[in-house]
Amino acid sequence: MPRLYYTETQPLEGWRKKHDVIRFHWWWWVNRLYMRFWFRLSVEGDENIPTSGPAILTSNHIGFLDANIISAASPRKVSFMIAREWHDQTGVNWMCRFLGCIPVNRSGQDIAAVKGALKALSQGHLLGAFPEGGISESGEMRDSKLGIALLAIRSGVPVVPIHLSGYRIQSLPATFFLPKKLSIRVGKPLVFKEEDHKNRESLERVTEAVSEAIRCLGNGADNDAG
């Protein structure tokens with residue numbers, strides 16, 4: 001039986017904290033059972049997800065189930081960076097608020113989202129992010145944006161590469177109700193020292209290292225810790 005490590009997304013006390021802990025455990029188990037049994041989720045390398053302290057969980061983006069898959073493999077609450085148009089959807093917003101997700105404007109540089117992500121990491125949370133900035137319709141990993149590198153260098157926290165497989169982007173009903181065989185592989189944390197977040201070459205170097213680690217996991221190889 002997995003051990004859960006609860007970390008709140010905001011300081012709570014008394015019955016509010018107890019209620020939030022209970023709600024998290026309930027949601028985590030429902031999501032995990034849903035992933036394990038309906039989608040036959042295979043999890044490998046989940047011991048690489050830190051049980052304490054901040055980290056960035058970064059993955060390829062293949063469909064609408066990705067956040068659920070990562071959450072099912074993590075022993076802790078994960079606050080995802082999510083496109084604002086999805087964050088504000090009525091059926092999704094309640095879960096986003098509960099998980100402490102950070103809305104991102106995809107139309108351009110979002111300083112507020114960067115500040116929100118850095119604040120979450122400074123408070124010791126797990127941050128989930130997809131470096132491609134959107135879902136890959138082909139299933140192949142697209143070119144990554146520089147945002148993850150910026151967060152990793154500025155915060156100094158480890159980056160945990162993750163590869164997801166087993167489905168492609170579908171309609172919402174097909175995504176959530178048609179049985180599948182899903183898989184998640186979690187790699188060794190990468191730490192980037194002596195890099196400069198103001199230097200574009202540094203950002204590109206870190207971005208490529210993270211992307212390559214994700215690709216290696218998808219090819220069946222283990223990534224080398226940075």
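Give the residues of region 72-111 that are more than 16 Å from Thr58 (Cα to Cα), modelled with pLDDT of 80 or more and in a helix (DSSP H, G or I), sorted by residue number.
Ile111
Here's the yes/no breakdown for (1) more than 21 Å from Asn48 (Cα to Cα); (2) surrounded by fewer than 19 Cβ atoms within 10 Å (Cβ to Cβ); (3) touching a strand residue (DSSP E or B) at 6+ places or on another chain (Cβ under 8 Å):
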{"site": "Ala67", "(1), (2), (3)": "no, no, yes"}
{"site": "Ile70", "(1), (2), (3)": "no, no, yes"}
{"site": "Phe80", "(1), (2), (3)": "no, no, yes"}
{"site": "Gln89", "(1), (2), (3)": "yes, yes, no"}
{"site": "Asn93", "(1), (2), (3)": "yes, yes, no"}
{"site": "Phe98", "(1), (2), (3)": "yes, yes, no"}
{"site": "Cys101", "(1), (2), (3)": "yes, no, yes"}
{"site": "Arg106", "(1), (2), (3)": "yes, yes, yes"}
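I'm trying to understand the selection: among the residues of region 152-195, which are small (Gly, Ala, Ser), part of a loop (DSSP other than H, G, I, E, B) and touching a Gly at 6+ places or on another chain (Cβ under 8 Å)? Spell out the reasoning first.
Kept after step one, since they are small (Gly, Ala, Ser), are these residues of region 152-195: 152, 155-156, 165-166, 171, 174, 183, 187.
Restricting the remaining residues to those that are part of a loop (DSSP other than H, G, I, E, B) gives 156, 166, 171, 187.
Within region 152-195, Gly187 is the sole residue that qualifies.
Return the residues of region 129-146 that are hydrophobic (A, V, I, L, M, F, W, C), farther than 9 Å from Asn60 by Cβ and in a loop (DSSP other than H, G, I, E, B); say none if nothing qualifies.
Residues of region 129-146 that are hydrophobic (A, V, I, L, M, F, W, C), as a first pass: 129-130, 135, 141, 146.
Retained after the next criterion (residues that are farther than 9 Å from Asn60 by Cβ): 129, 135, 146.
Correct list: Ile135, Leu146.
Of all the residues that make up region 36-47, how many are surrounded by fewer than 21 Cβ atoms within 10 Å (Cβ to Cβ) and outside any strand (DSSP E or B)?
7
Is it the case that region 160-167 has a residue that's over 16 Å from the mean Cα position of the chain (by Cα) and over 16 Å from Ala55 (Cβ atoms)?
First, pick out the residues of region 160-167 that are over 16 Å from the mean Cα position of the chain (by Cα): 166-167.
After this cut, where a residue has to be over 16 Å from Ala55 (Cβ atoms) as well, the list is 166-167.
Checked region 160-167: at least one residue is over 16 Å from the mean Cα position of the chain (by Cα) and over 16 Å from Ala55 (Cβ atoms).
From the list Ser211, Ser183, Ser165, which residue is touching a helix residue (DSSP H, G or I) at 6+ places or on another chain (Cβ under 7 Å) and among the small types (Gly, Ala, Ser)?
Sole residue among the options that is touching a helix residue (DSSP H, G or I) at 6+ places or on another chain (Cβ under 7 Å) and among the small types (Gly, Ala, Ser): Ser165.
The values are calculated or read from the model by the stated rules, or taken from the named source; none is laboratory data. Computed from a prediction, not measured in an experiment: that's the story for all the values here. Glycine gets a Cβ as well: all are built from the backbone with ideal geometry, and neighbour counts include every protein chain shown.
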